[in-house]
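A.B. asks: Structure in structure tokens, see below.
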Amino acid sequence: MSTYPVVKRPQRIEAIFREFPSEPAPPTFPAKPSLLLKPEPQQPAIPAKPQRPGEFKQPVPQKIPVKALAIAEGSSAIISPIVGALANSPSVGLQFFVALTLAVGLFGFQQYFNYPKRLQNYREAQKKHQQEVKNFPKTLQQWQNEKQQILSSHQANLQQVQLENERLKQQHQQQLKNWEQDKERLEREYQHQLKELKNPLTVEQWRKEEVKQRLKSLNPQYLGYQSEARRGYTEFPNNCSFSSKLTQYWGNKIHILRYMGSYTPDFAYVDEANCLFIDVEIDEPYTPRQYPNCNEDLKLTHYIGDDDYRDSQFTQSDWIVIHFSENQVCRYPDRCCKFIAQLIFDLTGDNSALSKMSRINNLEFEPQWTEADATRMAQQRSRVSCNCK
């Protein structure tokens, strides 16, 4: 149900009362701690196990290898005739035999001549083999010691790495726990912020602040020249104290009979510093006031919907429109002024007028009338029965 007073605002201001504070961006969580373990040392390379020396099998050198020379010479005697037969010349075979015999003799002489050296090499090889056989247990023991040392060193390194990795795992568990706690805390704080933004008191406060900011962006149309429009009964100071009280509270910010476009506000509140322009209207259900005891025809006014277009011209020009009923202005002019002062305070934070009205009661709401209600009120001559203060 629509009631007086009626307040209409510019679209940029009215939209605020359907809006809510913007939600903050979700929290950015720190990166989840990662576990970086040290690699375990690879299995060490073990030197090859030394092999036990075998039996010394090198033959004892001879001064002249008689057997070998005999075999060589016998072979020459067999091969030479064959070579001569193939050559079809016995002399060739003989020459071949002589050549082989000389070669065998030369070989035998060389063996005889080199015998001391060969014997020395044999004895040195035999001595070396004997020494290797003698030293093998010691060599094997050295290898076993070296192997044990390598394995022991590897095991110590492995244990050290395993202990360090265990420490890193425990550290990582604590880091992970702290990370989860921080994440939960950030999420709780974020959800609390979202909840607070939906709190009616928070929304109301945000809207008040947002109105103050957007009000500065308005560009209201300024008042024009003086108007000669017909004034209503309660607009005259002699009939109602409302106009004088407006001037009392707001002085030269109140303007009367000045055009705004093609319309004339009943009273205009103009605060250029805060870009706040208010059209204050006093609504009567019908005119003339003395109907039917007059010569003018009855005109129903200000019923629901009757002022919509006019009001839109003001709000589109970045004005705020307040409609009071004639009954409210007549009976409670101070309360109507307090309503205006409260609106000014809500929009701008200026409480210079409102601070003087602490003992004034709040204005009670009255239902707006329909066209049928206005007809009934005219028949009842309700305007005549309204006594102004």
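The values are calculated or read from the model by the stated rules, or taken from the named source; none is laboratory data. Note that the structure is a prediction, hence the values are computed from the model and not measured. Backbone-built Cβ (ideal geometry, glycine too); neighbour counts: all protein chains shown. Each accessible area value is taken on the protein alone, full model and side chains, heavy atoms only, with ligands, DNA and RNA left out. Shrake-Rupley method; radii C 1.70, N 1.55, O 1.52, S 1.80 Å.
A.B. asks: Would you mind pulling out the separation of the Cα centroids of segment 306-341 and segment 1-78, in Å?
C.D. replies: 80 Å
A.B. asks: Sorted from largest down, give the three principal axis spans of the alpha carbons of segment 126-188, whole angstrom values.
C.D. replies: Reported extents, whole Å, longest axis first: 90, 12, 6.
A.B. asks: For residue 23 and residue 362, what is the calculated FRET efficiency with R₀ set at 41 Å and r taken between the beta-carbons, to the nearest 0.05? Let's see the in-between values first.
C.D. replies: Numbers: r = 34 Å, r/R0 = 0.84.
Rounded to the nearest 0.05, the efficiency is 0.75.
A.B. asks: If you wrap a convex hull around the Cα atoms of segment 149-238, how much volume per residue is inside, in Å³?
C.D. replies: Values: hull volume 15.8 nm³, N = 90.
Normalising the Cα hull of segment 149-238 by residue number yields 176 Å³.
A.B. asks: Which whole-number percent is the relative contact order of segment 175-318 (Cα, under 8 Å, 6+ apart)?
C.D. replies: Working: 135 pairs, mean separation 25.9, N = 144.
It comes to 18 percent, rounded to a whole number.
A.B. asks: Any chance you could give the angle, 0 to 90 degrees and rounded to 10, that helix 200-215 forms with the longest Cα principal axis of the chain?
C.D. replies: Approximately 80 degrees, to the nearest ten.
A.B. asks: In what sequence, largest accessible area first, do 241, 385 appear using a 1.4 Å probe?
C.D. replies: Numbers: 241 25, 385 70 Å².
Ranking 241, 385 by accessible area, largest first, yields 385, 241.
A.B. asks: Could you list log10 I(q)/I(0) for segment 1-153 at q = 0.17 Å⁻¹, which the Debye formula gives when each Cα is one point scatterer?
C.D. replies: -1.09
A.B. asks: Show me, bin by bin at 10 Å from 0, the whole-percent P(r) of segment 107-159 based on Cα pairs.
C.D. replies: 21, 22, 18, 16, 12, 7, 3, 0
A.B. asks: Within straight cross-link reach of residue 63, meaning Cα distance under 29 Å, which lysines are found once same-chain residues fewer than 8 apart are removed?
C.D. replies: 117, 127, 128
A.B. asks: A further question follows. Per residue, what accessible area does the chain have, given a 1.4 Å probe and all protein chains present, in Å²?
C.D. replies: Working: 24870 Å² over 389 residues.
On a per-residue basis, the chain sits at 64 Å².
A.B. asks: Using a probe of 1.4 angstrom, how much of the accessible area of segment 80-134 is carbon and sulfur, in percent?
C.D. replies: Working: 2740 of 4200 Å².
In segment 80-134, the share of accessible area belonging to carbon and sulfur is 65 percent.
A.B. asks: Largest first and in whole Å, what are the equivalent-ellipsoid semi-axes of segment 201-268 based on the Cα gyration tensor, each being the root of 5 times an eigenvalue?
C.D. replies: Working: eigenvalues 176, 63, 20 Å².
The equivalent ellipsoid of segment 201-268 has semi-axes of 30, 18, 10 Å.
A.B. asks: Shifting gears a bit: Net charge around residue 177, counting only other residues with Cβ within less than 15 Å of its Cβ (Lys, Arg = +1; Asp, Glu = -1)?
C.D. replies: +1
A.B. asks: For segment 270-352, list log₁₀ I(q)/I(0) at each q in 0.14, 0.18, 0.21 Å⁻¹, using the Debye formula over Cα point scatterers of equal strength and ignoring solvent, two decimals each.
C.D. replies: The calculated log intensity ratios at q = 0.14, 0.18, 0.21 Å⁻¹ are -0.61, -0.89, -1.07.
A.B. asks: Suppose a student asked you for the relative contact order of segment 286-389, using Cα pairs under 8 Å spaced at least 6 residues apart; what percent would you report?
C.D. replies: Numbers: 87 pairs, mean separation 39.3, N = 104.
Relative contact order, segment 286-389: 38 percent.
A.B. asks: Could you grab the relative contact order for the chain? Cα pairs under 8 Å, six or more apart, rounded to a whole percent. Numbers along the way, then the final one.
C.D. replies: Values: 441 pairs, mean separation 87.7, N = 389.
Worked out over the chain, it gives 23 percent.
A.B. asks: Working with all protein chains in place, sort 16, 78, 64 by solvent-accessible area computed with a 1.4 Å probe, largest first.
C.D. replies: Values: 16 0, 78 115, 64 70 Å².
Highest to lowest solvent-accessible surface, that is 78, 64, 16.
A.B. asks: While we're looking at this one, here's another question. Taking the Cα centre of the chain as the origin and placing charges on Cβ (Lys, Arg +1; Asp, Glu -1), which of 172, 103, 259 is farthest toward the positive end of the dipole?
C.D. replies: 103
A.B. asks: How are the alpha carbon pair distances in segment 162-308 distributed across 10 Å bins from zero to the largest one, expressed in percent?
C.D. replies: Taking all Cα pairs of segment 162-308, the binned fractions are 9, 20, 21, 14, 10, 8, 6, 6, 5, 2, 1, 0 percent.
A.B. asks: So if I take the alpha carbon set of the chain, get Rg, then get Rh from the Kirkwood formula, what is the Rg over Rh ratio?
C.D. replies: Numbers: Rg = 61.5 Å, Rh = 33.2 Å.
That ratio equals 1.85.
A.B. asks: Pull out the extension gain between residue 162 and residue 141, defined as 0.36 nm times the separation in residues minus the alpha carbon to alpha carbon distance; nm, one decimal. Can you show the working numbers first?
C.D. replies: Values: separation 21, 0.36 × 21 = 7.56 nm, distance 3.10 nm.
Extra length from residue 162 to residue 141 when fully extended: 4.5 nm.
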